[in-house]
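Chemist: Here it is, the structure in full.
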Amino acid sequence: SSFAAFNLAIAAMVKVVGAERRLLVMGVGTAATSTGQLIFSPMAQGMISSFGWSDALVYLSFISLLMISFAVLLPSNPEVRGEASTGQGLNEAIREAFSQRGFILLMIGFFACGFHVAFIGIHLPAYVTDLGLAPQVGAYCLALIGLFNIAGSFLSGMAGSRWSKTYGLSWIYLGRALVILGLLVAPKTALTLYVFSALMGLLWLSTIPLTTGVVAEVFGVRYVATLYGFVFFGHQVGSFIGVWLGGVFYDRYGSYDGMWWAGIVVGVLAALIHLPISEKPLPRVVAASAVA
């Protein structure tokens with residue numbers, strides 16, 4: 001549910017800003033998710049320790065109601081900045097997107113993001129304790145990932161505004177593969193895990209501004225929420241596979257090493273998949289931007 005709301009928030013932001021600020025705004029929005037994680041994770045843990053998990057959920061639900069009050073203040077049908085209407089319907093937009101090879105490749109490539117993020121987010125604490133390290137190390141690793149993701153997402157948005165978004169995605173996925181390889185060959189100490197977490201945090205959700213940016217650039221922003229939702233479906237399939245396969249590997253082989261190597265392969269393949277994706281806007285989008 002958090003990612004469902006996040007996708008809508010990103011779509012709302014890209015519609016009300018001009019193309020020159022679009023990637024930067026998406027970077028800030030993505031970074032804000034980790035800022036909230038840093039604030040509310042310790043708060044939630046404190047509530048659980050003080051009141052129990054059931055009461056903590058009730059208190060957190062009241063805090064969540066604040067989102068409704070902020071959402072009411074947003075315009076229900078904001079004017080799309082920098083893009084005139086072309087009369088294209090939603091069904092036409094979907095058919096158009098799936099007729100483009102780049103859109104399919106973007107969906108396949110985003111599978112890798114979900115695979116990495118879900119596997120590491122769920123199984124990293126167990127991997128840490130399996131190495132004989134204290135459980136607190138795993139908690140600190142997740143906190144470091146969230147902390148460095150703030151910088152990574154913001155820098156991703158800035159970089160996407162200046163340089164190729166698809167090449168940026170290739171570098172991010174290749175970087176993930178190299179960081180995982182470093183974890184496998186380095187001594188298994190707490191310091192190694194902390195360095196791994198910081199580097200992975202920089203690459204964590206930095207894919208989102210660039211991926212959303214490609215969709216908006218190529219197809220326009222009018223139906224960006226729906227089209228990005230299809231791309232994000234690939235992410236969620238990867239998330240399921242990453243979490244499920246991680247458990248299967250550990251139950252069968254008593255080790256996560258096979259999954260780490262799988263993460264390297266997936267990262268390299270994703271880097272290659274993004275190379276041929278074109279960021280060139282469709283003629284319809286170019287015409288609409290010229291009229292606006």
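The values are calculated or read from the model by the stated rules, or taken from the named source; none is laboratory data. Just so it is clear, the structure is predicted and the values come from calculations on it, not from any experiment. Please note: Cβ atoms are built from the backbone with ideal geometry, for glycine as well, and neighbour counts cover all protein chains shown.
Chemist: Considering region 231-259 alone, what residues qualify as being more than 24 Å from residue 211 (Cβ to Cβ), surrounded by 19 or more Cβ atoms within 10 Å (Cβ to Cβ) and either in contact (Cβ under 8 Å) with a residue 24 or more places away in the chain or in contact with a Ser or Thr (Cβ under 7 Å, 6 or more places away or on another chain) (or both)?
Modeler: The one that is more than 24 Å from residue 211 (Cβ to Cβ), surrounded by 19 or more Cβ atoms within 10 Å (Cβ to Cβ) and either in contact (Cβ under 8 Å) with a residue 24 or more places away in the chain or in contact with a Ser or Thr (Cβ under 7 Å, 6 or more places away or on another chain) (or both): 256.
Chemist: What's the number of the only condition in (1) part of a helix (DSSP H, G or I); (2) within 19 Å of the chain's Cα centre (by Cα) that residue 204 fails to meet?
Modeler: (1)
Chemist: Right, next: Determine whether residue 165 is over 22 Å from residue 112 (Cβ atoms) and in contact (Cβ under 8 Å) with a residue 12 or more places away in the chain. I'd like the intermediate steps shown before the answer.
Modeler: Details: over 22 Å from residue 112 (Cβ atoms): no; in contact (Cβ under 8 Å) with a residue 12 or more places away in the chain: yes.
Spelling it out, it is not the case that residue 165 is over 22 Å from residue 112 (Cβ atoms) and in contact (Cβ under 8 Å) with a residue 12 or more places away in the chain.
Chemist: A further question follows. Among the residues of region 182-201, which ones are in contact with a Phe, Trp or Tyr (Cβ under 9 Å, 6 or more places away or on another chain) and either buried (at least 24 other Cβ atoms within 10 Å of the Cβ) or assigned to a helix (DSSP H, G or I) (or both)?
Modeler: 182, 183, 184, 190, 193, 194, 197, 198, 199, 200, 201
Chemist: Taking into account only those residues within region 153-171 that are modelled with pLDDT of 90 or more and among the small types (Gly, Ala, Ser), which is surrounded by the most Cβ atoms within 10 Å (Cβ to Cβ)?
Modeler: Filtering first and then ranking leaves 168.
Chemist: Within the group 126, 143, which residue is closer than 16 Å to residue 194 by Cβ, assigned to a helix (DSSP H, G or I) and either touching a residue at least 12 places away in the same chain (Cβ under 8 Å) or touching a Lys or Arg at 6+ places or on another chain (Cβ under 6 Å) (or both)? First the steps, then the outcome.
Modeler: Details: 126 fails: closer than 16 Å to residue 194 by Cβ.
The match here is 143.
Chemist: Take the residues in region 260-277 that are of a type outside the set (A, V, I, L, M, F, W, C) and part of a helix (DSSP H, G or I); name whichever of them is surrounded by the most Cβ atoms within 10 Å (Cβ to Cβ). So that I can check it myself, show each step before the final result.
Modeler: We begin by selecting, within region 260-277, every residue of a type outside the set (A, V, I, L, M, F, W, C); these are 263, 267, 274, 276.
Still in the running and part of a helix (DSSP H, G or I): 263, 267, 274.
On the way: 263: 25, 267: 25, 274: 30.
Of everything passing the filter in region 260-277, 274 is surrounded by the most Cβ atoms within 10 Å (Cβ to Cβ).
Chemist: Considering only residues that are closer than 13 Å to residue 240 by Cα and either surrounded by fewer than 16 Cβ atoms within 10 Å (Cβ to Cβ) or of a type in the set (A, V, I, L, M) (or both), which ones fall in region 122-137?
Modeler: Passing the criteria: only 122.
Chemist: Now a separate question. If we scan region 157-165, do we find a residue that is over 21 Å from residue 250 (Cβ atoms), over 16 Å from the mean Cα position of the chain (by Cα) and basic (Lys, Arg)?
Modeler: There is at least one residue in region 157-165 that is over 21 Å from residue 250 (Cβ atoms), over 16 Å from the mean Cα position of the chain (by Cα) and basic (Lys, Arg).
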